[in-house]
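Below is one structure, written out as structure tokens; the observations come after it.
What follows draws every value from the coordinates through simple rules; no lab data is involved. What you see is a predicted model, and the numbers here were worked out from it, not measured in a lab. Backbone-built Cβ (ideal geometry, glycine too); neighbour counts: all protein chains shown.
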Amino acid sequence: MNILRMKQLTEKIGLAKATIYRKIQNGAFPKPFVIGDGRAAGWLESDIDAWITQQIQPAIASQPAMPAPQ
């Protein structure tokens, strides 16, 4: 189990902090959880990986099938 802090998160998904927080408010991104004494937050990397998969799934589904090699 790996926990991502904001810096790691922005590097992994390529979105700015403001965009991430806006998506959280809209319910379109996983919410962080509190770490330690309550002043730090993080995301489970597995949750973020699932979110990424969910984002790219429509693009993958709309791709035409590759022809079989001959």
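Quick one: count up the residues across the stretch 1-19 that are over 16 Å from ILE52 (Cβ atoms) and either under 9 Å from the mean Cα position of the chain (by Cα) or among the basic types (Lys, Arg) (or both). Residues that pass the stated criteria total 3. Selection of the stretch 48-70 for residues being part of a loop (DSSP other than H, G, I, E, B) and in contact (Cβ under 8 Å) with a residue 24 or more places away in the chain yields an empty set. Which of the residues that make up the stretch 20-47 are among the basic types (Lys, Arg), outside any helix (DSSP H, G or I) and either surrounded by 13 or more Cβ atoms within 10 Å (Cβ to Cβ) or within 11 Å of the chain's Cα centre (by Cα) (or both)? Answer for the stretch 20-47, where residues must be among the basic types (Lys, Arg), outside any helix (DSSP H, G or I) and either surrounded by 13 or more Cβ atoms within 10 Å (Cβ to Cβ) or within 11 Å of the chain's Cα centre (by Cα) (or both): just LYS31.
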